[in-house]
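To start, the structure under review is shown below, and the notes come after it.
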Amino acid sequence: MVQRYDAVVVGAGGAGLMAALQLAGRGHVAVLSKLYPTRSHTGTAQGGIGAALGNHEEDHWEWHMFDTVKGSDYLADQDAVEILCREAIETVYDLEHWGLPFSRTPEGKIAQRPFGGHTREFGKAPVRRSCYAADRTGHMILQTCYQQCIKHDVHFYNEYHVLDLLIENGRCAGVVALCLATGEICTFHAKAVLFATGGCGKMYRVSSNAHSLTGDGMAVVYRRAIPLEDMEFFQFHPTGIYKMGILLSEAARGEGAILRNKLNERFMERYAPALLDLAPRDLTSRAIYREIREGRGIEGKNYVHLDMTHLGSEVLDKKLPDITEFVRTYMGIDPLTHPVPIQPTAHYAMGGIPTDVDGRVVIDEKNTPLPGLYAAGEVACVSVHGANRLGTNSLVDILVFGRRGGRHAVKFIQENDWVPLPAHADEPARALVSQVLKSTGKERAADIRDVLQDEMMDKASVFRDAKGLTAMRGKLRELRDRYRQVKSEDHGARYNTELLEVIELGGLLDVADVLVESALARQESRGGHYREDFPKRDDANWLKHTLAYQTPKGVELKFKPVTITKFQPMERKY
Amino acid sequence: MQVTLRIKRFNPEKDKEPWWGEYKFAAEPTDRLLDALNYVKWYLDGSLTYRRSCAHGICGSDAMQINGSNRLACKVLLMNLGQKITIEPLRGYRVIKDLLVDMDAFLAKYRSVRPYLVTHTPDPEKERLQSPADREKFDDTTKCILCGACTSGCPSFWADGEYVGPAAIVNAHRFLFDSRDEGGEDRMQVLNTLDGVWRCRTIFNCVEACPREINVTRAIGEVKKALLYRKI
């Protein structure tokens with residue numbers, strides 16, 4: 001079956017919906033999602049969206065820009081960061097005009113709270129910049145964007161999983177997707193395609209990510225000779241619920257919560273004397289692991305405490321109701337009276353599909369766009385997060401660049417015609433699916449995924465070195481061989497979620513491969529990428545972006561320069 | 001602990017009728033029921049089918065009947081369920097496969113109440129002001145995650161499939177009581193019908209079913225009052 005649209009958006013989280021809203025009414029547009037729209041992971045974002053509104057105290061987008069650049073360990077492209085921080089402000093007002101129920105100041109303005117790494121006057125002290133709706137900001141953004149899509153009659157294909165990207169004569173021609181309800185393989189012929197499929201956190205054992213975050217969009221474009229940028233930079237959020245990885249927002253520390261070790265010390269005093277518990281995530285996660293390694297984990301185990309006992313029920317119930325409930329539900333303890341066991345949790349891919357500031361996918365060191373192809377949100381790498389993302393900036397990213405990508409795509413579909421579909425457009429996707437369904441192999445996908453998640457956690461997470469990463473490279477080769485023998489028990493067409501999980505696992509293996517090769521090559525420590533064998537940042541050799549390509553011989557790496565405008569790299573201290 | 005999951009299975013591609021699958025295995029008491037379902041799917045029977053995503057009660061994918069009550073599988077721990085756990089799909093929706101039901105009709109009802117802010121006055125340069133007290137009036141109903149548990153648990157809905165249902169009314173409430181909204185009249189017309197709010201018989205099943213602890217019946221009551229007295 002072939003459907004024809006001007007534009008197809010893949011993914012229905014914040015970035016996808018924001019792009020679709022630009023396209024709605026200006027062309028024939030469809031949104032594909034492997035979930036129902038309000039199930040996307042944007043909904044789980046808690047603490048807020050950063051924008052220098054200055055509703056409580058003086059603030060400026062330039063300060064936000066400086067914090068973002070410094071937070072990125074100077075790897076972010078500063079032209080893109082400037083756009084991010086300037087447009088954050090109007091984007092937040094747009095959301096408010098669409099009805100987003102922000103929490104309010106006594107004067108009725110949008111309420112703002114402090115957040116990790118966000119400061120006044122270029123690093124002097126924390127500033128209230130995170131615009132929030134209790135600790136449900138992502139939920140409100142996702143609901144509000146979906147509500148606007150209903151208002152503007154956006155057409156959704158729910159529960160369609162993207163399998164392949166179509167390129168003809170160097171231009172985007174559409175995508176191929178699996179309809180989960182029927183098992184049908186459908187071709188979407190489109191002038192423009194925007195990928196907004198989110199991240200790949202499920203390659204790690206302890207993760208804040210949804211089961212569905214398996215790097216689908218990254219893997220699909222990577223297999224079509226498009227590079228992935230800066231994939232070695234993966235963020236571990238400091239405060240995940242012990243063992244489960246469920247996120248406890250930085251908003252908790254924004255409201256005054258404190259990290260403590262087994263001696264009850266406020267150990268962040270040693271690592272970030274100015275910002276303390278509100279230091280950026282990379283630094284805080286490493287601090288927690290150092291405490292654990294040096295024997296100061298609680299009961300000698302691999303966790304520390306997040307202490308909220310002094311915040312009182314007014315703050316917990318009104319400003320942090322969801323995370324308070326998570327702790328009660330999943331840990332069986334009351335954060336009002338007991339400190340909460342936490343450990344760093346795999347959270348966010350700073351890297352992704354390289355794009356320019358209009359969301360156009362760029363495919364080489366010279367930033368040459370692939371006409372008609374766009375990406376936005378966690379799947380993309382603009383790069384505004386560089387080596388480490390600041391809290392709240394993921395929501396800013398999805399909205400600002402989802403919108404810019406959508407707007408550029410509007411222009412593109414008005415000025416361009418469809419390119420013909422490639423011959424036998426859906427053949428590779430059909431082959432992929434039938435290979436799984438007809439497999440006579442004996443390997444369980446879950447066993448392969450278990451090894452992947454445990455080994456990635458052990459060898460390619462917060463602390464890395466050549467020995468571990470080389471071992472991981474070998475492990476991935478082994479897992480790939482086993483994956484070729486993966487078995488399937490459900491041979492049906494209707495909602496074959498086993499088939500879906502096997503395909504997702506294939507994507508995770510590809511993306512993990514890119515992460516490990518990029519991490520092995522980068523012989524320095526920067527942001528979320530910390531090499532124990534190269535513990536210093538090395539601007540002379542490594543102030544550059546990694547581009548990883550799939551070739552028959554394996555991952556091939558190229559590099560491109562970082563755009564520096566306002567802020568020269570300095571030592572990063574908090 | 002040892003657990004036994006009794007799961008109502010049905011695949012219309014090959015089953016004439018639903019049947020009960022029984023799966024016995026060792027699990028941690030602190031595991032979520034969703035972890036147990038994943039265990040069955042990943043290690044015992046790959047064909048078991050259900051929806052899931054975020055696994056901590058926010059995305060709303062995995063509402064189902066658990067020991068007879070509508071719950072999210074990711075928001076209930078095994079230690080609170082006993083050793084033998086009965087799992088069935090949500091009532092009132094067409095079963096597509098095993099625990100996975102057709103949500104399209106449910107979402108169509110949600111859309112019917114115009115769940116988006118309607119304004120006629122031009123947008124100000126900055127935010128529309130709203131006092132914390134006005135924001136509080138609809139706080140409870142902003143929490144809805146559209147999981148379908150309330151509507152599926154509603155006897156009025158079982159008796160009359162045309163009833164717009166508690167979830168749609170909750171979302172109408174969210175806008176009716178938002179001081180910024182100017183679309184109240186249109187929305188009220190949708191609700192002021194036999195299959196609108198008046199079908200509600202104040203049975204409170206929805207309150208018990210809601211995994212977000214929204215006081216659904218109170219919200220419906222407030223909408224009824226607003227209709228009667230034309231006061232929003």
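The values are calculated or read from the model by the stated rules, or taken from the named source; none is laboratory data. What you are looking at is a predicted structure, and each value in this text was computed from that prediction instead of being measured. Neighbour counts run over all protein chains shown; Cβ positions are idealised from the backbone, glycine included. Each accessible area value is taken on the protein alone, full model and side chains, heavy atoms only, with ligands, DNA and RNA left out. Shrake-Rupley method; radii C 1.70, N 1.55, O 1.52, S 1.80 Å.
Can you tell me the FRET efficiency between B:Leu44 and B:Arg94 if r is taken as the Cβ-Cβ distance and R0 is 30 Å, rounded to the nearest 0.05?
So the FRET efficiency works out to roughly 0.70.
With a 1.4 Å probe and every protein chain kept in, tell me what percent of the accessible surface of the protein assembly as shown is carbon plus sulfur.
The C+S portion of the solvent-accessible surface of the protein assembly as shown is 48 percent.
How crowded by other chains is A:135-143, given as the mean number of beta carbons from other chains within 10 Å of each beta carbon?
Mean partner shielding for this stretch: 3.
Note down the relative contact order for chain B as a percent, whole number, built from C-alpha pairs under 8 angstrom at least six residues apart.
18 percent.
What list of whole percents do you get for P(r) of region B:104-229, with Cα-Cα distances grouped in 5 Å bins up to the one holding the largest distance?
Per 5 Å bin, starting at 0, the Cα pair percentages come out as 2, 11, 23, 24, 20, 11, 6, 3, 1, 0.
With unit charges on the beta carbon (Lys/Arg positive, Asp/Glu negative), name the residue among B:Phe10, B:Ala26, B:Tyr116 whose Cα is farthest towards the positive pole of the charge dipole of region B:1-122.
Toward the positive end, the furthest listed residue is B:Tyr116.
In square angstrom, rounded to the nearest 10, how much accessible surface does B:His120 have for a 1.4 Å probe?
140
Taking the highest mean first, how do the peptides A:72-79, A:188-195 order by number of other beta carbon atoms within 10 angstrom per residue?
Going from most to least packed, we get A:188-195, A:72-79.
With no other cysteine's Cβ closer than 4.7 Å, which Cys residues of chain B count as lacking a disulfide-compatible partner?
B:Cys74, B:Cys144, B:Cys147, B:Cys154, B:Cys200, B:Cys210
Under a plain spin-label model, where a point goes 7 Å from the Cα along Cα-to-Cβ, how far apart in nm are A:Glu58 and A:Thr309?
A separation of 4.0 nm, rounded to one decimal place.
Could you work out the mean count of beta carbons from other protein chains within 10 Å of each residue's beta carbon in A:202-209?
1
Quick one: ranking A:Arg4, B:Arg6, B:Arg114 by accessible area, 1.4 Å probe, largest first, what do you get?
The ordering from most to least exposed comes out as A:Arg4, B:Arg114, B:Arg6.
Relative to the Cα centre, what is the charge dipole magnitude of chain B, using +1 at the beta carbon of each Lys and Arg, -1 at the beta carbon of each Asp and Glu, and rounding to the nearest 20 debye?
Computed about the Cα centre, the dipole is about 360 debye.
Obtain the nm distance between the two label points defined at A:Lys124 and A:Arg270 by a simple spin-label model: each point lies 7 Å from its Cα along the Cα-to-C-beta direction.
Output for this residue pair reads 3.1 nm.
What order do B:Glu13, A:Glu229, A:Glu443 take when sorted by accessible area (1.4 Å probe), most exposed first?
Largest to smallest exposure gives the sequence B:Glu13, A:Glu443, A:Glu229.
What are the extents of the Cα atoms of region A:32-146 along their three principal axes, listed from largest to smallest and rounded to whole Å?
Result, largest extent first: 42, 37, 21 Å.
If you put +1 on each Lys and Arg Cβ and -1 on each Asp and Glu Cβ, how big is the dipole of chain A around its Cα centre, in Debye rounded to 20?
Here chain A has a charge dipole of around 580 debye.
With each label point set 7 Å from Cα along the Cα-Cβ vector, what nm distance links A:Ala423 and A:Asp450?
Between A:Ala423 and A:Asp450, the simple spin-label model gives 4.6 nm.
FRET efficiency for A:Gln435 and A:Asp481, Cβ-Cβ distance as r, R0 = 22 Å, nearest 0.05?
Between A:Gln435 and A:Asp481 the formula returns 0.90.
Are there any GluC sites (Glu not before Pro) in region B:199-232 that are in a DSSP loop and have at most 12 other Cβ atoms within 10 Å? List them by number.
B:Glu213
For A:Met570 and A:Arg290, compute 0.36 nm times the residue count separating them, minus their Cα-Cα distance, and round to one decimal in nm.
That works out to 98.4 nm of additional length.
Please report the accessible area of A:Thr42 (heavy atoms, 1.4 Å probe, ligands and nucleic acids excluded) in Å², nearest 10.
Accessible area, nearest 10 Å²: 20 Å².
Nearest 20 debye, what's the magnitude of the dipole of region A:427-527 about its Cα centre given +1 on Lys and Arg Cβ and -1 on Asp and Glu Cβ?
Approximately 220 debye in magnitude.
So between B:His120 and B:Asp15, what do we pick up on full extension, going 0.36 nm a residue minus the alpha carbon distance?
Here the answer is 32.4 nm.
What chymotrypsin sites (Phe, Trp or Tyr not before Pro) in region B:127-232 are in a loop by DSSP, with at most 15 other Cβ atoms within 10 Å of the Cβ?
Listed in order of number, the matching sites are B:Phe204.
Among B:Ser53, B:Phe106, B:Val76, whose Cα projects farthest towards the positive end of the dipole of chain B, with charges put on the beta-carbon of Lys, Arg (+1) and Asp, Glu (-1)?
B:Val76
Eigenvalues of the Cα gyration tensor times 5, then square-rooted: what semi-axes does that give for region A:427-527, in whole angstrom, largest first?
Rounded to whole Å, the semi-axes are 30, 13, 11.
Pop the C-beta distance of B:Thr193 and A:Gln3 into the FRET formula with R0 = 25 Å and round what comes out to the nearest 0.05.
With R0 = 25 Å, the Cβ-Cβ based efficiency is 0.10.
Give me the accessible area buried between chains B and A, both sides summed, with a 1.4 Å probe, in Å² rounded to the nearest 100.
Heavy-atom accessible area buried at this interface is about 5400 Å².
Restricting to bridges with both residues inside the protein assembly as shown, how much of the DSSP beta-bridge set is antiparallel, in percent to the nearest 5?
The antiparallel proportion sits near 70 percent.
From the square roots a ≥ b ≥ c of the eigenvalues of the alpha-carbon gyration tensor of the protein assembly as shown, which class results: rounded (a/c under 1.5), prolate (a/b over b/c), or oblate?
Rounded is the answer for the protein assembly as shown, as its axis ratio a/c remains below 1.5.
Taking every pair of Cα atoms in region A:237-347, average 1/r, invert it to obtain the Kirkwood radius, and report Rg/Rh to two decimals.
0.93
Taking all pairs of distinct Cα atoms, average 1/r, flip it, and tell me the Kirkwood hydrodynamic radius of chain B in Å to one decimal place.
After inverting the pairwise mean of 1/r, the radius is 19.1 Å.
How would A:Asp94, A:Asp153 rank on accessible area, largest to smallest, probe 1.4 Å?
A:Asp153, A:Asp94
Looking only at Cα atoms, what is the convex hull volume of region B:2-101 per residue, in Å³?
So the per-residue Cα hull volume is 93 Å³.
In region A:456-476, whose amide N lies under 17 Å from the spot 7 Å out along Cα-to-Cβ of A:Asp533? List them in ranges.
Residues A:458-476 fall inside that zone.
Taking only protein heavy atoms and a 1.4 Å probe, what accessible area per residue, in Å², does the protein assembly as shown have with all protein chains in place?
Heavy-atom SASA per residue in the protein assembly as shown reads 34 Å².
Hey, got a sec? Which trypsin sites (Lys or Arg not before Pro) in region A:283-322 land in a DSSP loop and have at most 15 other Cβ atoms within 10 Å?
Filter output for region A:283-322: A:Lys301.
How tilted is helix A:61-71 with respect to the longest principal axis of chain A? Cα atoms for both, answer in degrees (0 to 90, nearest 10).
Orientation of helix A:61-71: about 80 degrees from the principal axis.
Which whole number gives the average count of other chain Cβ atoms within 10 Å of the Cβ atoms across peptide A:480-491?
Per residue, the average neighbour count from other chains is 2.
Can you pull the accessible area of A:Thr337 for me, 1.4 Å probe, Å² to the nearest 10?
My reading of the accessible area for A:Thr337 is about 90 Å².
Taking 29 Å as the cut-off for C-alpha to C-alpha distance, list the pairs among A:Lys70/A:Lys459; A:Lys191/B:Lys97; A:Lys459/A:Lys560; A:Lys151/A:Lys366; A:Lys202/B:Lys41 that go past it.
Beyond 29 Å between Cα atoms: A:Lys191/B:Lys97; A:Lys151/A:Lys366.
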